[in-house]
Structure formats: C-alpha cells, structure tokens
Amino acid sequence: MNETTSTTMNRTIALVGDLFFATRIEDAAKQLGIPLQLVSSEQSLYSELKAGNVGSVIVDLNFDSQNAARIISKAKSLSNARILGFLSHVQEELATAARHAGADAVVPRSFFAKNLGAILQGSIWDKLKETHEASD
C-alpha cells in the first residue's frame, strides 16, 4: 500500500485492509486534491493521529472486525477527528459496536463507495451525523 503524506492541511487517514478499495480511495483523494494518508496497521493509524493535522479518519470495520470498536475508541481518544466506519450492510452488531465506541458515522460499504467524493470533501458529514443520531 502506498502511504502518502501531507502536513499543510488537515488530512484524512484511511485504515483499509482491501488493497483494491484502498487504491480507489487514494485515487479519489488525488483527483479531489485532498491529503490522504493510507495506513495498513492499527499502530500506523495511532502514530498518524498523534502527529496531528487530521480532519477525518476512515476505518474499514472489517479490517479487524474483532477489534474494530477498540480501534475506534482509541482513535477517538487520540484525536478530535471525525471517524467514519464502513462495513457490509448486514453487520448490524458491528455497526452498533462502532457507534458506541465513538464513530461519528457508520455506513454500508456500498453507500461509502457511491458517496466517496462527498465523504472525502466533507460535504456529506452533516447528513451522516443526522443518520447516525437517528440510528442510536
């Protein structure tokens, strides 16, 4: 996985296990001119959060589904960044655990893929927050 860094503005950090999907996120960020840091491990995520300049975090909840809630909780404790988790639409228990751990939004993978540009740009966050609050 290619790890790209920018420190001039708030970055998006993405912890994604699927290389194909990670490339898709990276390509969309490049097209939009959005600084993106792809990380391939939990520890890399935490290091990047500690480094600062993070506006949002994207977590593939299937990266480590057994520990997804812990990953989100620790990420939330390290940064004020918005956290979005994505997963298969049939994984309701995992979605609920991620929300309770502090994810600002949890969306199905299909929604994430369809709205990737708006998510990266931040233009859809208010709608995601409303949806998140309605699901609690």
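Read-outs: derived from the displayed coordinates by stated rules, not from any lab. What you see is a predicted model, and the numbers here were worked out from it, not measured in a lab. Cβ: placed from backbone, ideal geometry, glycine included. Neighbour counts: every protein chain shown.
The figures follow:
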| item | result |
| --- | --- |
| 5 angstrom amide H check on Val107, placed H, neighbours 5+ away | Gly85, Phe86, Leu87 |
| Karplus-derived HN-Hα couplings along the range 63-78 (A = 6.51, B = -1.76, C = 1.60, θ = phi - 60°), whole Hz, x at Gly and Pro | 4, 8, 4, 5, 10, 4, 4, 5, 4, 5, 4, 5, 4, 5, 6, 9 |
| Footprinting exposure proxy for Ile124, Ile13 (fewest neighbouring C-beta atoms within 10 Å first) | Ile124, Ile13 |
| Interchain or long-range residues, amide H under 5 Å from Val54's placed H | Arg11 |
| Proxy reagent accessibility, fewest Cβ within 10 Å first, across Glu42, Glu92, Glu48 | Glu92, Glu42, Glu48 |
| Least to most buried among Asp27, Asp104, Asp60 (fewest other Cβ within 10 Å first) | Asp27, Asp104, Asp60 |
| Using a Förster distance of 25 Å, the FRET efficiency for Ser88-Leu19 (Cβ separation, nearest 0.05) | 0.90 |
| Positive dipole terminus of the chain, leading residue within Asn53, Ala103, Ser79 (C-beta point charges) | Asn53 |
| Percent of Cα-Cα distances greater than 23 Å, calculated over the range 11-135 | 20 |
| Lys, Arg +1 and Asp, Glu -1 on Cβ, resulting dipole of the range 11-135 about Cα centre, debye, nearest 20 | 240 |
| Estimated inter-spin distance, Asp27 and Asn115, nm [label 7 Å along Cα→Cβ] | 2.2 |
| Among the listed pairs Lys50/Lys76; Lys50/Lys74; Lys74/Lys127, those beyond 20 Å (Cα-Cα) | Lys74/Lys127 |
